Number of protein chains: 2
Amino acid sequence: MDPSPNPFNRDCPTRQLLDRIGDQWTVLIVGALAEGPLRFTEVGKRVDGISQKVLTQTLRSLVRDGLLTRTAYPVIPPRVEYALTPLGRDLAEPLDMLDRWARGHMAEVERARDAYDRENTSVSA
Amino acid sequence: MDPSPNPFNRDCPTRQLLDRIGDQWTVLIVGALAEGPLRFTEVGKRVDGISQKVLTQTLRSLVRDGLLTRTAYPVIPPRVEYALTPLGRDLAEPLDMLDRWARGHMAEVERARDAYDRENTSVSA
């Protein structure tokens, strides 16, 4: 039995944590909150195209994981704000690297896909 | 229209790329290959619990994206080896940070979950 956390083992809880933190919605929500606290609707606007349901579920999971705080202000209309915890701010750094990698290498990936698709078409033709 | 790649926009191709590179299987497969080329069955052994189907699909996607090479050796029995391309090696670094983050903060996340679950139980009790 491996005593240290290792996501290569299917039963290690780090496997599921890796799945959570690498999730596109996590990357985008944590990225949006890295600039400061946001209200529920503001997060939804920043993360274009996320459904209300997925936004609600992802925010709840991130609060439960200790990455975000959820603060409800007793005002009318109700105001709920989300903010990164220190643990969430710590995660923001590797996630930002992932975001920047995707932005910085999109053109290379698209060229690779075009080459692959051309080759596979010519083989089957 | 935003001229620069931005995964916060739902129609930007970086959104889908972010989803691909943050995927747990991508993180683990690229991590396994960071140590050197591996045969199909060896990758499957390193990434404990991955199904044959998901392994096949993920490897094919990573080859198409230009992150891996697939080399078939004309021997009997057939031998197929996967290796990181320079682009894949470049991605290995941020993915390794994600892996290490999950290993290094699992205990904190578990404490946060326990606290959240206790609080939610006491509220509904």
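Checked against (1) facing another protein chain (nearest Cβ under 10 Å); (2) out of contact with any Phe, Trp or Tyr (no Cβ under 7 Å at 6 or more places or on another chain); (3) part of a loop (DSSP other than H, G, I, E, B), residue A:20 meets all criteria but (3).
Given B:111, B:103, which one is in a helix (DSSP H, G or I), under 19 Å from residue B:33 (Cβ atoms) and of a type outside the set (Asp, Glu)? Quick ask: steps written out before the conclusion?
Working: B:111 fails: under 19 Å from residue B:33 (Cβ atoms).
Only one candidate qualifies: B:103.
Within region B:1-41, the only residue that satisfies the criterion of being touching a strand residue (DSSP E or B) at 6+ places or on another chain (Cβ under 9 Å) and of a type in the set (D, E, K, R) is B:39.
Could you please let me know if residue B:25 is in a helix (DSSP H, G or I), under 18 Å from residue A:18 (Cβ atoms) and in contact with a Pro (Cβ under 8 Å, 6 or more places away or on another chain)? So residue B:25 fails the test.
Restricting attention to region A:61-80, and to residues there that are out of contact with any strand residue (DSSP E or B) (no Cβ under 8 Å at 6 or more places or on another chain) and touching a residue at least 40 places away in the same chain (Cβ under 8 Å), which single residue is farthest from residue B:113 (Cα to Cα)?
Step one: filter region A:61-80 for residues out of contact with any strand residue (DSSP E or B) (no Cβ under 8 Å at 6 or more places or on another chain), giving A:61, A:64-66, A:74-77.
Those still in the list that are touching a residue at least 40 places away in the same chain (Cβ under 8 Å) too: A:61, A:65.
Details: A:61: 9, A:65: 5 Å.
Per the criteria, the residue is A:61.
Among the candidates B:36, B:44, B:66, B:31, the residue that is under 30 Å from residue A:100 (Cβ atoms), modelled with pLDDT of 95 or more and not in a loop (DSSP other than H, G, I, E, B) is uniquely B:31. Taken together, the residues in region B:75-125 that are surrounded by fewer than 12 Cβ atoms within 10 Å (Cβ to Cβ) and away from every other protein chain (no Cβ under 11 Å) amount to 10.
The values are calculated or read from the model by the stated rules, or taken from the named source; none is laboratory data. This structure is a prediction, so every number in the text was calculated from the model and none was measured. A quick note on method: Cβ atoms are made from the backbone with ideal geometry, for glycine too, and the neighbour counts reach across all protein chains shown.
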